[in-house]
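Notes follow the structure.
The values are calculated or read from the model by the stated rules, or taken from the named source; none is laboratory data. Remember, predicted model here, so these are calculated numbers, not experimental data. So basically every Cβ, Gly included, is an ideal-geometry build from the backbone, and we count neighbours across all protein chains shown.
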Amino acid sequence: MSNTNATFPSASGGAAAVREYHVREHHPEQGTLLGFWIYLMSDCLLFASLFAAYAVLGRNYAGGPSGAELFDLPLVAINTAFLLVSSITFGFAMIAAQAKKLRSAMLWLGITGVLGACFLGLELYEFYHLIHEGAGPSRSGFLTAFFSLVGTHGLHVLFGIVWLVVLMFQLAKHGLSGENMRRLSCLSLFWHFLDVVWIFVFTFVYLMGVLP
Amino acid sequence: MSDHHTHDHHGHDHGHGEPAVHYSLKDYTTGFVLAVILTVIPFWLVMGNVLDPSTTKFVILGFAGIQLIVHMVYFLHMNSKSEGGWNMMALILTIVLLVIVLSGSIWVMHHMNANMMPGMGDAAAVTGHGPHDMQ
């Protein structure tokens, strides 16, 4: 960076110096995506500890209901479908944004947000139903681990939706500028990451939970 | 000073600083179709009681692993060259830590349960602690 400052004023007319300046200033843009990736990796570790807690406590029912009695697999399948379809609609939004089609990108982002909200709504319904049946987080070690893991994932989806809505306002105001494209790329990573975590939630918690 | 210049450049040259990832329709549809197949099969295996439970566990974990790779390649656009290889380095470090955390916890806690003196749960109940203490 200091090197750039030293060469730039001395050769302000030289095309070669300007070109060099361009290449050097490329890094902050990619730095954001790399930094965001490292954040996601640290989030992986957060989920890993919650999965480890579930692996240890997942069969401690304390005389209460087991996963086989509580989990409603068709509901989980619908929820999985919501999240998976929202992944590809976000992909369509990125393709539209890349082609500089603002209106189409906004439409796909909107659909993604609605699908995310459906996922969250269904999950809240499930939680409400469980607590109503007396299977709240304080019932057994299994349910504590279940609510912490699935609840943390749901909280991530909630923040993803908040981010998505804020970004839609940004897009409406500033269009598909370089900054907004960078933000979209970060949110794209975040959204797909949540879908990856959900693969392990439905496999490890729900599907393996109903098996004896 | 240099920050100010950076901002200027982006102000009138939008396409310039965009990330190197190219989002293609083919990638997303391929990934989506594979992900749907890899999701439907484990649900079918469990809901239809197709295999015996202990085999099913390993099979669905295998499907989750394959789907993880599908998502990484087609949705997260991972490859060994993105961000100059640093993405992959961070991922490998995370996987190492993940394996240590998960296998370590499960191993230690399993042995602790297995080596617990039999009847300790009952003893706690008799001495007046709640029956939930040992759960």
Quick check, is residue B:63 among the aromatic types (Phe, Trp, Tyr) and within 13 Å of the chain's Cα centre (by Cα)?
-> yes
Given the conditions (1) at pLDDT below 90; (2) part of a helix (DSSP H, G or I), every one holds for residue B:104 apart from (1)
Candidate set: region A:170-191, residues that are hydrophobic (A, V, I, L, M, F, W, C) and within 15 Å of residue A:87 (Cβ to Cβ); chosen: the one nearest to the other protein chains (Cβ to nearest Cβ) | A:189
Checked against (1) at pLDDT below 95; (2) of a type outside the set (Val, Ile, Thr); (3) closer than 26 Å to residue B:36 by Cα, residue A:130 satisfies every condition except (3)
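Matching residues to (1) within 19 Å of residue A:190 (Cβ to Cβ); (2) within 9 Å of chain A (Cβ to nearest Cβ); (3) surrounded by fewer than 12 Cβ atoms within 10 Å (Cβ to Cβ):
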position: B:68; (1), (2), (3): yes, yes, no
position: B:75; (1), (2), (3): yes, yes, no
position: B:78; (1), (2), (3): yes, no, no
position: B:86; (1), (2), (3): yes, yes, no
position: B:98; (1), (2), (3): yes, yes, no
position: B:102; (1), (2), (3): no, yes, no
position: B:110; (1), (2), (3): no, yes, no
Going through region A:54-73 one residue at a time, which ones are in a helix (DSSP H, G or I) and more than 8 Å from chain B (Cβ to nearest Cβ)?
-> A:54, A:57, A:67, A:68, A:69, A:70
